[in-house]
Amino acid sequence: MELSRDTSLTDLPGVGPARGKKLEKLGLSTMGDLLDHLPQRYEDRRGSCSLQDAPSDQPCCVSVLIAETPRISYVRRGLSLVKVKAVDDTGTVNVTFFNQDYIREVLHRGDSYVFYGVVERQGGSYAMTNPVFEREGAQRTTGLIMPVYPLTAGISNNLLAGLTRRAVDECLDGLPEVLPGQVRREHQLCQTRYARKNIHYPGSFEELAIARRRLVFEELFVLTCGLARLKDRRAQGEGRILTGSPDEFAALLPFAPTGAQRRAMEDIAADLCSGRAMNRLVQGDVGSGKTAVAAFGAWIAAKNAVQCALMAPTELLAEQHARTLSALLAPAGIRVGLLTGSVKGSAKKEVLAALASGDLDLIVGTHALFSLGVDYRDLGLVIADEQHRFGVAQRAALAEKSGSVSPHVLVMSATPIPRTLALIIYGDLDVSVMDELPPGRTPVSTFIIGENKRQRMYGFVRKQVAEGRQVYIVCPSVEESGDLPEWGEPSGAPMDLKAVTTYAKQLQEEVFPELRIGFVHGKLRPKEKEAVMAGFAGGELDVLVSTTVVEVGVDVPNASLMIVENAERFGLSQLHQLRGRVGRGKHQSYCVLVTSSRSETARERLRALCATNDGFQIAEEDLRLRGPGDFFGKRQHGLPQLKVADFAADIELLKEARSAAEALIASDPELRKSSHRLLKRRVRELFKDNEELFN
Ligand code: ADP
Ligand code: MG
């Protein structure tokens, strides 16, 4: 049977409809799909030893002769053993297979086989358990570097490897080449055919490395071509010329800007008067003072008689920003409004009318800012705060709100992103990094404690409050978990997920009857939430019990103690964000991570947090320990999923691919050349959520 990449897997002998369904679960329906389904690891099954020389701690291949007819015994229901003796020149091996009755029919006395597995010593002889085997000379599953694929129930690795072997042997002819020849030569990349063959069945690990390098490059190249294309399109966007100087603005601030704030403001000022639409990211650690930089943008906009919209990810933050910015900018005659989901009725009507007529200069809000029915008189600048929650797609959507000339876009992120990821997530933006904190901050002291220190910790809470400070206590979830143990059990049993409401009540009634305790969580009505937060910010509450709603951006300088319950359940970067809620004023601040986890890895993660206050370093560590998933969130970033590249390991290649992609897009922005046709198709497929890419 002639096979091609389009051949359906169910046309192959041995793949019926049932197996076909299971393969489909892995995204495999044609031979071509198999070529794209990459091994997750490899087993080196090349080395062959005699029984005598076999290492005792790692698997290897041994060539042996079956010395008897296999025997089967049924130990008990659900457990059968097939045993057989085999020999080579150096000894005898007793081989045992569990629950694989068919093996009795397959292994024939007097025939030679290669077994792959660990050879254990057993007195004077040897033993193997459940080895892989095949007839001498077959070289299908032994005597080679064996690919190990991601699997699903009912599909064995041998089956998948066998099918892929056929795809590699018979379907590689005419495989189209995505990478332009020049790029391949310049970066010394192998051909696509070689790469596909050797990523599945490498002759050596050197060949595998060559193949992998090419595929990683290709993937990153296609991705960065798309990003370069996005950036290029933005850069073509004409922008209103807005002028204003950081110095003049600085006079409005109650403090002297830090060097980093000043640099960011200068970057912004330069973008705004360039005649091109600004697309800038300000990336700064928690507490680095990004709000002042945002205020600078709003100030320039107002000075040039265009409107500015500042979008925050939560109502809480929007409200806080509205307060801060209004205090800062109102003295300069700038009119500030607030628009969130909970602004309703006549209040909402008023805001909408003021926006449309131009009576508001700065509107602060949530996504509501860009919903239908919100019209601006002349929107000149969009600022998105804590933007890691907004993806490429959202950025594109909000840019559309302002008629013919795109507004300038400024995004602020307090989540330090490892450099590698920043190149990708923000590949379409210019970046200013704020790597300096305002002066006079003492680093937050961080501690890890177990349940046994809980009472002492409560004592510390009382002490802080007695000194006039305020305290956050953060719990992982608002859901009351069914198996919440009786709290305060004399046994001191570790508490499970703390439910905010219950916990706050218990703290109030049983631990801190003398303190003023409030709580917020995501399920509270916005008005209630706002009231509690305002109470905490105004000093009417001593302790705020909450979920991670306080994670981003909330600013209460008098708070000096952050307690995180069940700390092991949070990501490092998230904990760093939480910790950033304290240490914002002049008081020595503390972060206490409570955990009853005994897992050494969990503790190691938490210790990384005690070791440094540098968010970028913590982000790198988080990436190393947990992979990029957390930074990418639930694909909210709007960027495509990658298959081969590993962000922690492939930084250098990413840089290479990116510069190659930028050069290519500069020379052929629309990918019009015929030699770029396939590349263009690939970019389009990868960015199918951004359809406008090549229109
Ligand atoms: P973030 O970057 O986390 O958004 P904020 O803008 O909320 O940080 O600033 C954190 C705190 O630092 C605020 O209380 C703010 O008033 C203060 N702050 C900002 N810049 C300076 C500065 N240059 N000097 C002193 N304090 C500053
Ligand atoms: Mg902020």
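Please work out the FRET efficiency for the pair residue 98 and residue 274, using the Cβ-Cβ distance as r and a Förster radius of 60 Å; give the result to the nearest 0.05. Write down the numbers at each step before the final one.
Values: r = 71 Å, r/R0 = 1.18.
Calculated transfer efficiency: 0.30.
Please work out the Kirkwood hydrodynamic radius for the stretch 47-143, using every pair of different C-alpha atoms, and report it in angstroms with one decimal place. Could the numbers behind the result be given before it?
Values: mean 1/r = 0.0746 Å⁻¹.
By the Kirkwood definition, the hydrodynamic radius is 13.4 Å.
If one computes the Cα centroid of the stretch 165-183 and of the stretch 42-63, what distance in Å separates the two points?
What the calculation gives is 34 Å, centre to centre.
Between residue 447 and residue 251, what is 0.36 nm times their sequence separation minus the Cα-Cα distance? Round to one decimal in nm. The partial results should precede the final answer.
Values: separation 196, 0.36 × 196 = 70.56 nm, distance 3.95 nm.
Taking residue 447 through residue 251 to full extension adds about 66.6 nm, to one decimal.
For the pairs 290/529; 348/688; 643/680; 290/586; 290/680, flag any whose C-alpha to C-alpha distance is greater than 29 Å. Can you show the working numbers first?
Details: 290/529 24 Å; 348/688 36 Å; 643/680 19 Å; 290/586 18 Å; 290/680 38 Å.
From the list (290/529; 348/688; 643/680; 290/586; 290/680), the Cα-Cα distance tops 29 Å for 348/688; 290/680.
Of all DSSP beta bridges located in the chain, what percent are antiparallel, nearest 5?
Numbers: 34 of 90 bridges.
Taking every DSSP beta bridge with both residues in the chain, the antiparallel ones total about 40 percent.
Nearest 10 degrees, 0 to 90: what angle lies between the long axis of helix 526-537 and the longest principal axis of the chain (Cα atoms)?
70
When the chain is fully extended, how far beyond the present Cα-Cα distance does residue 10 get from residue 612, taking 0.36 nm per residue of separation?
On the way: separation 602, 0.36 × 602 = 216.72 nm, distance 5.54 nm.
Full extension of this stretch gives 211.2 nm more.
Return the long-range amide H neighbours of residue 591 (sequence gap of 5 or more, or a different chain), with a cut-off of under 5 Å between placed amide H atoms.
The answer is 445, 446, 447, 562.
Taking the inverse of the average 1/r across all pairs of different Cα atoms in the chain, what Kirkwood radius in Å do you get?
Details: mean 1/r = 0.0338 Å⁻¹.
After inverting the pairwise mean of 1/r, the radius is 29.6 Å.
By average Cβ neighbour count within 10 Å, what is the ranking of 339-347, 658-666 from highest down? Display every interim value, and only then the final one.
Numbers: 339-347: 15.1, 658-666: 18.7.
Result, highest mean Cβ count within 10 Å first: 658-666, 339-347.
Just the number please: accessible area per residue for the stretch 142-256, 1.4 Å probe, all protein chains included, in Å². Walk me through the intermediate numbers first.
Numbers: 4790 Å² over 115 residues.
I get 42 Å² per residue for the stretch 142-256.
Compare the peptides 98-105, 218-225 by average per-residue count of other Cβ atoms within 10 angstrom and give them in order, highest first. Provide the component values of the computation, followed by the final result.
On the way: 98-105: 12.5, 218-225: 24.8.
By packing density, highest mean first, the sequence is 218-225, 98-105.
Would you mind working out the accessible area per residue for the stretch 15-63, using a 1.4 Å probe, and quoting it in Å²? Mind dumping the intermediate values first?
On the way: 2600 Å² over 49 residues.
Value returned for the stretch 15-63: 53 Å² of accessible area per residue.
Against the longest alpha carbon principal axis of the chain, how many degrees, from 0 to 90 and to the nearest 10, is the axis of helix 615-626 turned?
30
Which one of 327, 161, 124 has its Cα pushed farthest toward the positive end of the charge dipole of the chain, where Lys and Arg give +1 and Asp and Glu give -1 at the Cβ?
Of the candidates, 161 comes out farthest on the positive side.
Quick one: with all protein chains in place, what share of the accessible area of the chain is carbon or sulfur, to the nearest percent (1.4 Å probe)?
Working: 15260 of 31020 Å².
Solvent-exposed carbon and sulfur of the chain make up 49 percent of the total.
Can you compute the FRET efficiency between residue 83 and residue 191 using 1/(1 + (r/R0)^6), with r the Cβ-Cβ distance and R0 = 45 Å? Round to the nearest 0.05. Walk me through the numbers on the way to the answer.
Details: r = 49 Å, r/R0 = 1.09.
About 0.40, to the nearest 0.05.
By the scheme Lys and Arg +1, Asp and Glu -1, what is the net charge of all other residues having a beta-carbon under 11 Å from that of residue 444? Display every interim value, and only then the final one.
Values: positive: 441, 579, 581, 584; negative: none.
Local charge sum for residue 444: +4.
Taking H as built 1.01 Å from N, whose amide H comes closer than 5 Å to the amide H of residue 383, not counting residues under 5 places away?
Amide H to amide H, under 5 Å and 5 or more residues apart or across chains, residue 383 pairs with 309, 310, 311, 410.
Sorting 177, 652 by accessible area (1.4 Å probe), largest first, what list results?
On the way: 177 55, 652 120 Å².
Correct descending sequence by accessible area is 652, 177.
Calculated from DSSP H runs of 4 or more alone, at -39500 (n - 2.57) each and per residue, what is the 222 nm mean residue ellipticity of the chain, nearest 500? Spell out each step's value before the answer.
Numbers: 23 runs with 251 residues, N = 695.
Calculated mean residue ellipticity at 222 nm is -11000 deg cm²/dmol.
Over the Cα atoms of the stretch 148-252, what radius of gyration and what Dmax do you get, in Å?
23.1, 73
Treating the angle as unsigned and between 0 and 90°, give the value, to the nearest 10°, between the Cα long axis of helix 157-170 and the longest Cα principal axis of the chain.
The two axes meet at around 90 degrees.
What span do the alpha-carbon atoms of the stretch 240-434 cover on each of the three principal axes, reported in whole Å from largest to smallest?
Per principal axis, max minus min of the Cα coordinates gives 46, 36, 33 Å.
The values are calculated or read from the model by the stated rules, or taken from the named source; none is laboratory data. Predicted, not measured: the structure shown is a model, and the values here were computed from it. In this analysis, Cβ positions are derived from the backbone assuming ideal geometry, glycine residues included, and neighbour counts consider all displayed protein chains. All accessible areas refer to the heavy atoms of the entire protein, side chains included, with ligands and DNA or RNA removed. Shrake-Rupley method; radii C 1.70, N 1.55, O 1.52, S 1.80 Å.
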